[in-house]
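Report on the following structure.
The values are calculated or read from the model by the stated rules, or taken from the named source; none is laboratory data. This one's a predicted model, so the numbers in the text were calculated from it and none came from an experiment. In this analysis, Cβ positions are derived from the backbone assuming ideal geometry, glycine residues included, and neighbour counts consider all displayed protein chains. Remember, those area values only see protein heavy atoms, side chains included, never the ligands or the DNA or RNA. Shrake-Rupley method; radii C 1.70, N 1.55, O 1.52, S 1.80 Å.
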Amino acid sequence: MVGEVIDGEAIIVDLRSGAYYSADGVGGAIWQAIEAGAGRQAIIDWALGAYPGQAGVVADVEGFLETLLANELVRADVQDAARPQIAAPQPYQAPALAVHKDMQDLITLDPIHDVDDMGWPTRKAAD
Amino acid sequence: MTTVTAVIPVFNDAAYLAEALRSVLDQTRPPTQVLVVDDGSTDASAEVARGFAPQVELIAQANQGIGGARNTGIAAASGDLIAFLDADDVWPLNSLQVRLEAMEADPSLAAAYGASEHFFSPDLDEAKRAQLHLPQGHAHARFAGAMLIRRRIFDEIGLFDPSLRVGEMIDWTSRLQDSGARIGKIDALVMRRRIHGDNTVIRERPSHGDYLKALRASVARKAAAARDAGAA
């Protein structure tokens, strides 16, 4: 799994499944927070601080994190409580993850994802 | 008659190039033009290609990467259709025939592709084979070497992005798809992909950034298309 955030937009690639994902706005900011090590509660606290009075923020953020978990893009055991120092995109829009599966043939068979120091294409997994 | 140009970019693959070229020249429906683009090789690749003259034309250039080398071949191609083959891969003997038949049967197709299979290069020793994973069976993937493409499509959606050292096919295929062009899928095996432990991807590490760049562009096109659809 590799990803990066440019201009607030996160692009994430699951090299095993060949799916790739995008999230901008609040979703991109949350992905940045996750990359910085923030846990679930820290992200919710950040969102509440960033969007005071905004209805539905907690449910939106929790739903977004659940979507990330369901797609196996994040682990559930990250507990870092420090509130992330991430700028809050304005205006608020509920974070959303777009899923793209149109390049699975090329991504899953392109060996880059398993390149290691032994070379192309992959080590056999665990045998 | 449909004319086909085969474009074979090569970068330091002298050991495999002759086998690739024989597989091209021995096709049941051979291409009308065969171009080898030597992308700045420092080994005997150019010499190997010259050994196949006059059936094979050689174009030499400073190293630009696979996308730039394919673009050079496209610019020099005289065929209505273009088929690429990486210098370390091979075509089964009816590869072009089955793809040509598909394109001729349906002129609305912008491109057609068939199945690929992977094989261990015979020069790969047992120790290295044990460390490498060989994808099994036939895979329908839009590899450059598995496609036959109408040349005019490059005028419509552009050439390969030479700035991408890897992921250039993801980028180009994504543009092809997003253009709405029709792409035919053929059951037959059309390419055998060699695994030899020194494929391009390992030379070009680290290149995840190129992957993400190609996919980011794809996401941007989809978002723009969705905005246009919403505005319509």
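Below are the figures for this structure:
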read-out: Residues along region B:210-225 losing 20 Å² or more of accessible surface when the other protein chains are present rather than the chain by itself (probe 1.4 Å); value: B:Tyr211, B:Leu212, B:Leu215, B:Arg216, B:Val219, B:Lys222
read-out: Whole-Å semi-axes of chain B's equivalent ellipsoid (Cα gyration tensor); value: 27, 22, 18
read-out: Rounded D (µm²/s) - region A:2-114, Kirkwood Rh over Cα pairs, Stokes-Einstein at 10 °C, 1.306 mPa s; value: 110 µm²/s
read-out: The protein assembly as shown, accessible surface, carbon-and-sulfur percent (1.4 angstrom probe); value: 51 percent
read-out: B:Arg227/A:Asp7 FRET efficiency (R0 22 Å; Cβ-Cβ; nearest 0.05); value: 0.85
read-out: In order through region B:117-122: 3J(HN,Hα) via Karplus (6.51 cos²θ - 1.76 cosθ + 1.60), integer Hz, x for Gly, Pro; value: 10, 9, 9, 6, 4, x
read-out: Region B:1-40 residues near the modelled B:His138 label - backbone nitrogen below 19 Å, point 7 Å along Cα→Cβ; value: B:27-29
read-out: Interface size B-A, as summed buried accessible area [1.4 Å probe, Å², nearest 100]; value: 3100 Å²
read-out: Fraction of beta bridges assigned by DSSP in chain B that are antiparallel (%, nearest 5); value: 25 percent
read-out: Over region B:66-188: Rg over Rh, Cα atoms, Kirkwood Rh; value: 0.99
read-out: Taking the convex hull of Cα positions in the protein assembly as shown, its mean projected area over all directions (nm²); value: 20.6 nm²
read-out: Label point distance in nm, A:Gln93-B:Ala76, each placed 7 Å from Cα along Cα→Cβ; value: 4.7 nm
read-out: Per-pair calculated FRET efficiency, R0 = 41 Å: A:Ala59 and B:Asp125 via Cβ, rounded to 0.05; value: 0.10
read-out: Sequence of B:Asp155, B:Asp38, A:Asp77 when ordered by accessible area, the most exposed leading, probe 1.4 angstrom; value: B:Asp155, A:Asp77, B:Asp38
read-out: Largest to smallest accessible area among B:Phe84, B:Phe120 [probe 1.4 Å]; value: B:Phe120, B:Phe84
read-out: Exposure ranking of A:Asp14, B:Asp26, A:Asp80 by accessible area [1.4 Å probe, largest first]; value: B:Asp26, A:Asp80, A:Asp14
read-out: Where labels lie 7 Å past Cα in the beta-carbon direction, separation of B:Ala60 and B:Arg29 in nm; value: 3.5 nm
read-out: Threshold 40 Å², region B:131-153 residues less accessible with all protein chains present than alone (1.4 Å probe); value: B:Gln131, B:Leu132, B:His133, B:Arg142
read-out: Radius 15 Å from Cβ of B:Gln97, net charge of other residues (Lys, Arg +1; Asp, Glu -1); value: -2
read-out: Distance (nanometres) between label positions extended 7 Å along Cα→Cβ at B:Glu101 and A:Asn71; value: 4.1 nm
